[in-house]
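Note sheet for the following structure.
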Amino acid sequence: MRRLRRTQALRDLVSETELSPKHLIQPLFVVAGEGVREEVPSMPGVERFSISELVAEATEIQSAGIGTVLLFGIPAAKDEIGSGAYDAEGVIQMAVRALKEAHPELTVITDVCLCEYTSHGHCGFVRDGDVDNDVTVELLAKTAISHAEAGADAVAPSDMMDGRIGSIRFQLDEEGHPNTAIIAYSAKYASAFYGPFREAAESTPEFGDRHSYQMNPRNALEAVREAKLDLEEGADMVMVKPALPYLDVVRRVKDETAAPLAAYHVSGEYSMLKAAAQNGWIDGDAAALESLIAIRRAGADVIVTYFAKEAAAWLQ
């Protein structure tokens, strides 16, 4: 077996898994204001951008070979119903218009959730201390429509409410956006790996947790059921989140559905690698690349990762 491992050229010749910039999606945080470019303390190398700075960053991302971004918005003000999420002049809606004007060939995906916009930090409308599924679904569809009207190529509902894919697909079609794709966060687990993201997006719940709507980490068959339901409702791509602790789920969902599949290499996974590298405990670049290859090997067609721009440079 060692004969075909002897040189880099031979190893490349028989490699079973391909990883290239086309497989990577760069998440970006957008904030209100002017000239804002601020680092997220718990995510070294990750910044929050105002819209003008976001457009400049997109130029660098495209130059690195990354063709797709996923936007998360942090509004100037929040309220109990997350009205900033579906405001036609909201931070994401304005960011999408600016990006599509400056970079029309860039694929822009938008996160559809309310957690960044609600004063309580939950992913939906709260009634009597619990998230009301059906009211939330209505608000999510309204949000998706506003993103599509702004020019988003795809919307990515990350809330984990029941029935939201069907509602969003119906509303998009009814409102004249039949070509707007839906990337469903089908298997989003109630994970401990989201902490740095919640700092970046200012979305930590004020009370309770999200275990009643995000998935139980002990379950894998449930992820397959969720993915199949989302596909039946009209999802164009399904997602597993987080990625590395759930590689078995990535493989199982891919095998059971054969649908286009994304995996989200989340903030905690990113920050752990960065912290270990900063302490000199690992070769950070090599470990990050190995992690992304593992996600692809498990069956992910695309990977949402904060390493996207960096990894593109390594791959080239």
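Accessible surface ranking for 169, 218, 251, 1.4 angstrom probe, highest first: 218, 251, 169. Relative to the longest principal axis of the Cα atoms of the chain, the long axis of helix 267-278 makes an angle of roughly 40 degrees. A simple rule links phi to the HN-Hα coupling: the Karplus curve 6.51 cos²θ - 1.76 cosθ + 1.60 with θ = phi - 60°, which for segment 293-301 gives 5, 4, 5, 5, 4, 6, x, 6, 7 Hz, with x for Gly and Pro.
Amide H contacts under 5 Å for residue 266: 243, 244, restricted to partners 5 or more places along the chain or on a different chain, H placed in the peptide plane at 1.01 Å from N. Look at (1) 20.3; (2) 23.9; (3) 19.8: the one that is Kirkwood radius over Cα pairs in Å derived from this structure is (3).
Of the GluC sites (Glu not before Pro) found in segment 57-140, those in coil by DSSP whose Cβ has at most 14 other Cβ atoms within 10 Å are 80, 89, 105. Basic side chains Lys and Arg get +1 at the Cβ, acidic Asp and Glu get -1 at the Cβ, and with that the dipole of the chain about its Cα centre reaches some 1640 debye. Amide H contacts of residue 186 (H built 1.01 Å from N, in plane; Pro and chain starts excluded): 239 sit under 5 Å, all sequence-distant by 5 or more or on other chains. When the chain is treated as a Gaussian network with alpha carbon springs shorter than 10 Å, the biggest mean-square fluctuation among 32, 102, 154 belongs to 102. Residue order by solvent-accessible surface for 198, 6 is 6, 198, largest first, with ligands and nucleic acids left out and a 1.4 Å probe. In sequence order, segment 53-60 has phi-based couplings of 6, 4, 4, 5, 5, 4, 4, 5 Hz under the Karplus curve 6.51 cos²θ - 1.76 cosθ + 1.60, θ = phi - 60°, and Gly or Pro positions carry x. What FRET efficiency, computed as 1/(1 + (r/R0)^6) with R0 = 35 Å and r the Cβ-Cβ distance, is obtained for residue 293 and residue 37, rounded to the nearest 0.05? The computed FRET efficiency comes out at 0.70. Note on residue 149 and residue 174: the extension gain reaches 7.7 nm, defined as 0.36 nm multiplied by sequence separation minus the Cα-Cα distance. Here the Karplus curve 6.51 cos²θ - 1.76 cosθ + 1.60, taken at θ = phi - 60°, turns the phi angles of segment 92-104 into couplings of 6, 4, 5, 5, 4, 4, 5, 5, 5, 6, 7, 9, x Hz, with x standing for Gly and Pro. Put the Cα centre of segment 195-250 next to the Cα centre of segment 76-118 and the gap is 21 Å.
Compared with the dominant principal axis of the Cα atoms in the chain, helix 221-233 is inclined by about 60°. By the Stokes-Einstein formula, at 0.692 mPa s and 37 °C, segment 85-212 with its Kirkwood radius over alpha-carbon pairs has D equal to 218 µm²/s.
Its alpha carbons give segment 7-69 an Rg and a Dmax of 16.3, 52 Å. Taking a ≥ b ≥ c as the square roots of the Cα gyration tensor eigenvalues, with a/c under 1.5 meaning rounded and otherwise prolate when a/b beats b/c, else oblate, which class fits segment 202-316? Oblate. Here the accessible area is traced with a 1.4 Å probe on the protein chains. For the chain, carbon and sulfur cover 49 percent of it.
The values are calculated or read from the model by the stated rules, or taken from the named source; none is laboratory data. Only a predicted model underlies this, so the values are computations on that prediction, with no experimental measurement involved. As a convention, Cβ positions derive from the backbone with ideal geometry for all residues, glycine included, and neighbour counts pool all protein chains shown. In case anyone asks, the SASA skips ligands and DNA or RNA and just uses the protein heavy atoms, side chains included. Shrake-Rupley method; radii C 1.70, N 1.55, O 1.52, S 1.80 Å.
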